[in-house]
There are 2 protein chains.
Amino acid sequence: MRVYRVHVTIENKPLVRDPEGEVILRDLMIKNGFECVRKVRTAKLLKMEVEADSEAEAKEITAKMCNELRIYNPVVSICTVTATSGEA
Amino acid sequence: MRVYRVHVTIENKPLVRDPEGEVILRDLMIKNGFECVRKVRTAKLLKMEVEADSEAEAKEITAKMCNELRIYNPVVSICTVTATSGEA
């Protein structure tokens, strides 16, 4: 058993609007002169340490858990799980 | 001028507590039988498209902007900017 670093990203599906990102882009960045920014989409990131026998298992357990615990709303959001090669 | 994908991650400094992550770990994951999870730290991710002459410039502009606009609180948080090699 080792401890692996796993990242879970939860974000709105591409076709679902992201009002928070739109406001950051329009009313914070562009209004303050940073017209070089073209798009902002916000996401929630969970940086986790997961005990497992392999990196693949850490990723699999985490993805299963996120679905079972309904940590995101599958109707509007996507949940991406990545396990980094190194131990935590 | 090209458009680059830039990711901005805002998270609490390692020595600053993250109550949201602690609750997710203790009251959601461990309480539901996922004892394999050892640690959860939450972060905010901004997925951006930034117009610049190079990847390095996209990263530099974004880092400067995050500081100037006080998009995070430097007392408690760290802000990490990464530009991905590909165009958006």
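Derivation of every value follows stated rules applied to the coordinates shown; laboratory data play no part. Bear in mind that the values here come from a model prediction, so they are computed numbers and not experimental data. Neighbour counts run over all protein chains shown; Cβ positions are idealised from the backbone, glycine included.
How about chain B: which GluC sites (Glu not before Pro) there are in a DSSP loop, with at most 12 other Cβ atoms within 10 Å of their Cβ?
Those that pass, being in a loop and sparsely packed, are B:Glu35.
Could you give the size of the charge dipole of the protein assembly as shown about its Cα centre, using +1 on the Cβ of each K and R and -1 on the Cβ of each D and E, expressed in debye and rounded to the nearest 20?
340
Which of rounded, prolate or oblate describes the protein assembly as shown when judged by the alpha-carbon gyration tensor and an a/c cut-off of 1.5?
Here the protein assembly as shown falls in the prolate category.
Per residue of the stretch A:41-57, what does 6.51 cos²θ - 1.76 cosθ + 1.60 with θ = phi - 60° give for ³J(HN,Hα)? Whole Hz please, x for Gly and Pro, Karplus curve as stated.
Going residue by residue, I get 10, 8, 8, 9, 10, 10, 9, 10, 10, 10, 7, 7, 7, 8, 4, 4, 5 Hz, with x marking Gly and Pro.
Given charges of +1 on the Cβ of Lys and Arg and -1 on the Cβ of Asp and Glu, with all other atoms neutral, how large is the dipole of the stretch A:17-74 about its Cα centre, in debye to the nearest 20?
My answer is approximately 520 debye.
Roughly how many nanometres apart are two label points built 7 Å out from the Cα toward the Cβ at B:Met1 and B:Lys31?
With each label point 7 Å from Cα toward Cβ, the separation is 5.1 nm.
Return the loop-located trypsin sites (Lys or Arg not before Pro) in the stretch B:39-88 (DSSP other than H, G, I, E, B) with at most 10 other Cβ atoms within 10 Å of their own Cβ; answer none if there are none.
When the trypsin sites (Lys or Arg not before Pro) of the stretch B:39-88 are filtered for loop state and at most 10 Cβ neighbours within 10 Å, B:Arg70 remain.
Picking from B:Met48, B:Leu15, B:Ala83, whose Cα lies most toward the positive end of the charge dipole for chain B (charges on Cβ: Lys, Arg +1; Asp, Glu -1)?
B:Leu15
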